[in-house]
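Engineer: Questions regarding the structure given below will be posed in turn.
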Amino acid sequence: MTSKRPYADPVVTPELVKQHDLTSEEFERIKQILGREPNFTELGIFSVMWSEHCSYKNSKKELKKFPTTGANILVKAGEENAGVVDIGDGWAIAFKIESHNHPSAIEPFQGAATGVGGIIRDIFTMGARPEFCLNSLRFGPITDGNSKIAANRRLFTGVVSGIAHYGNCVGIPTIGGEIYFDESFDGNPLVNVFCLGVLRHEELARGAAEGAGNPVFYVGAETGRDGLAGAAFASRELTEQSREDRPAVQVGDPFKEKLRNHAQRIAGTHVDYCEARPGRRRSPGLRQVGRAVRGDRPRHERRHHARPKQRSDCGGNSSESPG
């Protein structure tokens, strides 16, 4: 009979803190908050939640300049998964834009595809039905005369294919967009995806639930080692060694997301039925987990994954290519 030794967390060292993309000043702040040094799990949590991808620590001061309140605002920006605006007669629209720049620079097909998937997810978790997507793209020049033409063409082809692939599979069209080319984007594209959905006011879902005895359903695609450290990775500076972060880019599953979207809308009718029954005073809540569960592990423990064959068409509803 054999027994396995329990997994021991690594000792938190300055090198490990650096691997988690935390500065020495941020690490000192963490110790002040906790009153002690963080353990390995806590270090991973802070690394994710204090990343630019999650906290907008560098861009928040600029984002605060935009208006977020008004008579028709039902859900403010940053309050939930997406903003919601009243458009009259009991109807509302939910919309949001998301960037997947770093993932697309490292793994253009999956980076762009999961950008589409993430923004669609944020819309239907508000209780809305996603209607269409838009995109705004920036690349380095792909015509003759540029020394990085081959790399830029690879990024351009991969990103456009990834956007079309995910939209076709999930059945939500990309109806338009814009695209520009400039040398400032050589090897580092900007990939911004927008999605809009429609809902009735009473269909609005929030990320909090009330009442005792509520069942909790954790629903999503099969988990793997892809996507680990994805949030922290997205805040790093791109270098020649960035390709080592390929496993941090999640492999999308548009078919599972399509099922999840339909299942939620069907379940919504049953929630309404249960709430109408005497004695059933429960408030359902919806929240996307996403990067919150992607802990950081040392880079040497990550492994590369075989990517699925890239296709621009999966049958079903078609979506236009961007641009």
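Engineer: Distance cut-off 26 Å, Cα to Cα: go down the list K96/K256; K18/K57; K57/K96; K31/K57; K31/K65; K60/K96 and report the pairs above it.
Structural biologist: Among K96/K256; K18/K57; K57/K96; K31/K57; K31/K65; K60/K96, the Cα-Cα distance tops 26 Å for K31/K65.
Engineer: Still on this structure: State the percent of C-alpha pairs, over all pairs in the stretch 1-129, separated by a distance greater than 23 angstrom.
Structural biologist: Of all Cα-Cα distances in the stretch 1-129, 55 percent exceed 23 Å.
Engineer: Please list 3J(HN,Hα) in residue order for the stretch 122-132, calculated via the Karplus relation 6.51 cos²θ - 1.76 cosθ + 1.60 where θ = phi - 60°; whole Hz, with x for glycine and proline.
Structural biologist: Coupling constants for the stretch 122-132: 5, 7, 6, 6, 8, x, 8, 9, x, 10, 7 Hz.
Engineer: Separate question: Take the stretch 29-68, compute every pairwise Cα distance, and split them into 10 Å bins from 0; I just need the percent in each bin.
Structural biologist: 27, 39, 24, 10
Engineer: Once you have a ≥ b ≥ c as the square roots of the Cα gyration tensor eigenvalues for the stretch 9-50, tell me rounded if a/c is under 1.5, and otherwise prolate or oblate according to whether a/b is larger than b/c.
Structural biologist: Because its axes are fairly even, with a/c under 1.5, the stretch 9-50 counts as rounded.
Engineer: Which of the chymotrypsin sites (Phe, Trp or Tyr not before Pro) found in the stretch 145-225 are in a DSSP loop and have at most 11 neighbouring Cβ atoms, other than their own, within 10 Å?
Structural biologist: In loop regions of the stretch 145-225 (DSSP not H, G, I, E or B), the sparsely surrounded chymotrypsin sites (Phe, Trp or Tyr not before Pro) are F217, Y218.
Laboratory data are not the source of any read-out in this text; all were calculated from the coordinates shown. Note that the structure is predicted; figures quoted are calculated from it, not measured. Cβ sites come from the backbone with ideal geometry, for glycine too, and all protein chains shown count toward neighbours.
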